[in-house]
Amino acid sequence: MAKVGRPPVEDKKYIKVGFRVTEAERDRLFAYCKKMNLTQAQVFKEALELLYKTKP
């Protein structure tokens, strides 16, 4: 019988990162996520990639 569940992934994402923001910053992030149809994680990952490209 075959295994049930999700298939294994190569690069597991098990580390959680968090930080505090103001209410205004949170609202701005939520609005951007909704407008662009992205998750908060996707926004932060894209922002980090832009930062890495511009400031090595």
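The values are calculated or read from the model by the stated rules, or taken from the named source; none is laboratory data. The structure presented is a predicted model; accordingly, all values stated were derived computationally and were not measured. Virtual Cβ from ideal backbone geometry, glycine too; neighbours counted across all protein chains shown. Calculation scope for accessible area: heavy atoms of the full protein, side chains included, ligands and nucleic acids excluded. Shrake-Rupley method; radii C 1.70, N 1.55, O 1.52, S 1.80 Å.
For the stretch 13-22, the count of residues that are surrounded by fewer than 10 Cβ atoms within 10 Å (Cβ to Cβ), free of Cβ contacts under 8 Å to residues at least 24 places away in the same chain and in a helix (DSSP H, G or I) is zero.
Annotation: of all residues in the stretch 1-34 being among the β-branched types (Val, Ile, Thr) and farther than 19 Å from residue 45 by Cβ, the one that is modelled with the lowest pLDDT is 4.
For the stretch 26-48, a tally of residues being closer than 17 Å to residue 13 by Cα and open to solvent by 70 Å² or more (accessible area, probe 1.4 Å) returns 7. Criterion first (acidic (Asp, Glu) and in a loop (DSSP other than H, G, I, E, B)) does residue 27 satisfy it? Answer is no for this residue.
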